[in-house]
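One structure is given below, encoded as structure tokens.
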Amino acid sequence: MTDSPSESLLSVRGLTKHYPVTEGPLRREVGRIRAVDGVDFEVERGETLGLVGESGCGKSTVATTLMGLEDPTAGRITFDGVGVADRDDADRREFRRRAGMVFQDPTSSFDPRMTVGESVAEPLAIHGLDDADRRREIVADLLERVGLSADDADRYPHEFSGGQKQRAALARSLVLNPDLLVADEPVSALDVSVQAGVLSLLDDLQREFDLAVLLISHDMAVVREICDRVAVMYLGEIVEVGPTESVLADPQHPYTRALTASVPRPDPDQRGSGVRLSGDVPSPADPPSGCRFHTRCPEVIPPEGYDFEQDDWRAVMDLRTALAADDFDTEGVRRSASAVRERFGLPEELPDSDAEAVVSEAIDSLTADDREAARRLLAEEFETVCETDPPDLRATEVGHPAACHLHDSAAAESPRAESDD
Ligand code: ADP
Ligand code: MG
């Protein structure tokens, strides 16, 4: 096996996982759920990388494909210099030994009929350690390292609290002395009161075992605690990645700003606080065009030639998104123009009279029950780069990369951002 020290422990290139949507008895493919859609990242030896994003963004799918639990649709995963897909059976076993995983629900990691000690020891037996006394020793030592006692080996999972079970699951994932640990929402199912303890344990173990960790969480506060770097994921794509301090102090993507805003900060005046995201992550079966975040972005770029306040522009975009959605309920709004304006948070009159003329014409079409005309007019008049062009992930003024058109002009003006790739 090649083992060049300059190489990342784990390298992921163009990782894609689409689930086919099928219909009818012949299971004809009628669409695809783009759970993960071209993701690149590295995890260095001994590094903790956080993967953060709301529920439904594809984080768990990244984990299961890179662990080999599912085959990716496309992309290349390299572990210690060797493509995971290129491994033969013996090599695959070796990969499984060197990459451990813990899941959100610690109960699922244990067979209720086995003692916790037996469960923790199981991977050792599978990987050929036949000496039962030696297995007991290793398990006893590990249980103590995760804050349990050696005697806990003889107890059954139901005798453990959630936090204790997750500690035991960590012991199990470390029993083969892996180089990489993938932890998918490891504290999300635990009582808030025990979350911090399990996280700091993970942090200690990372150092003690010199582990590389991929820590997956929907919660920026969790990754902030222990990650060296953070990758922010939205709807199957990475939208920003960088050192944790840099990403948190200076988030370059509006999505990251929104995620960090929900984390309590020591300084309430800091930029980004108060931003709240409306709605849920759109379906990955039909992701928005351009920048996938544009349907929810609080900073979506207004169209050229009009003078919009950001809130008004967001309201117009919300109306446009609603008009384009299949489930738009016309009953609720078509009674009157003011009902439409109220529902979408549009003022009675927009400050820019040209913009106002377009919006009132569209609302007139809508109240006259011609939703398609309203949709078309707004789409034609108010086209924004955010919906037409997918932004590339590239270096921003502060250094770390983000994928957002707000950085387009800056990148063109600043030679540093251009050459920094
Ligand atoms: P996260 O872990 O960020 O919450 P997931 O990776 O679990 O996100 O899911 C990403 C998207 O893929 C979701 O829309 C989810 O419904 C979909 N998905 C996940 N697994 C499957 C599957 N086996 N078949 C179809 N869709 C799936
Ligand atoms: Mg998940």
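The values are calculated or read from the model by the stated rules, or taken from the named source; none is laboratory data. What you see is a predicted model, and the numbers here were worked out from it, not measured in a lab. Reconstructed Cβ throughout: ideal geometry from the backbone, glycine too, with neighbour counts over all protein chains shown.
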- Note on the structure: Result of the Cβ filter at 9 Å on segment 244-265, keeping first residues that are modelled with pLDDT of 95 or more and partners that are surrounded by 24 or more Cβ atoms within 10 Å (Cβ to Cβ) and of a type in the set (Asp, Glu), at least 6 apart or interchain, is Val247/Glu240; Pro251/Glu240; Gln252/Glu240; His253/Glu240; Tyr255/Glu240; Thr256/Glu240
- Message: Could you go through segment 104-127 and let me know if any residue there is under 19 Å from the mean Cα position of the chain (by Cα) and assigned to a loop (DSSP other than H, G, I, E, B).
- Response: yes
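With respect to Ala63, determine if the residue is among the aliphatic types (A, V, I, L, M), more than 16 Å from ligand 1 (Cβ to nearest atom) and either surrounded by fewer than 17 Cβ atoms within 10 Å (Cβ to Cβ) or closer than 20 Å to Pro186 by Cα (or both).
So Ala63 does not fit the description; no.
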- For residues in segment 75-122 being closer than 27 Å to Tyr156 by Cβ and among the charged types (D, E, K, R), which is nearest to ligand 1 (Cβ to nearest atom)? Asp105
- Query: Does Arg292 count as charged (D, E, K, R) and touching a Phe, Trp or Tyr at 6+ places or on another chain (Cβ under 9 Å)?
  - Reply: yes
- 2 or more residues within 16 Å of ligand 2 (Cβ to nearest atom) and among the hydrophobic types (A, V, I, L, M, F, W, C): qualifying strands (runs of 3 or more DSSP E) within segment 178-243: 180-184, 212-217, 229-234
- Considering residues of segment 245-263 that are away from ligand 2 (no atom under 16 Å from the Cβ) and within 15 Å of the chain's Cα centre (by Cα) only, the residue nearest to Gly50 (Cα to Cα): Val247
- Residue check, Asp326 against (1) of a type outside the set (Val, Ile, Thr); (2) in a helix (DSSP H, G or I); (3) modelled with pLDDT under 90, all met but one. Which one? (2)
- Item | Residue pairs meeting the criteria (Cβ under 9 Å; at least 6 apart or on separate chains; first modelled with pLDDT of 85 or more, in segment 85-100; second in a helix (DSSP H, G or I) and of a type in the set (Ser, Thr, Tyr)) | Gly100/Ser173
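For segment 4-46, name all the residues that are hydroxyl-bearing (Ser, Thr, Tyr) and surrounded by 14 or more Cβ atoms within 10 Å (Cβ to Cβ).
Within segment 4-46, Ser8, Ser11, Thr16, Tyr19 meet the criteria.
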- Message: Just checking, does segment 100-112 include any residue being aromatic (Phe, Trp, Tyr), in contact with a Pro (Cβ under 6 Å, 6 or more places away or on another chain) and within 30 Å of Ser55 (Cβ to Cβ)?
- Response: yes
- Task: Kindly list, by first and then second residue, each pair from a residue in segment 30-42 that is at pLDDT 95 or above to a residue that is of a type in the set (D, E, K, R), limited to pairs with Cβ atoms under 7 Å and residues at least 6 apart or on different chains.
- Result: Ala35/Lys17; Val36/Lys17; Asp37/Glu237; Gly38/Glu237; Val39/Glu237; Asp40/Arg13
- Go through segment 170-194 and give me each residue that's over 18 Å from Thr48 (Cβ atoms) and touching a Pro at 6+ places or on another chain (Cβ under 9 Å). Arg172, Val175, Leu176, Ala189, Leu190
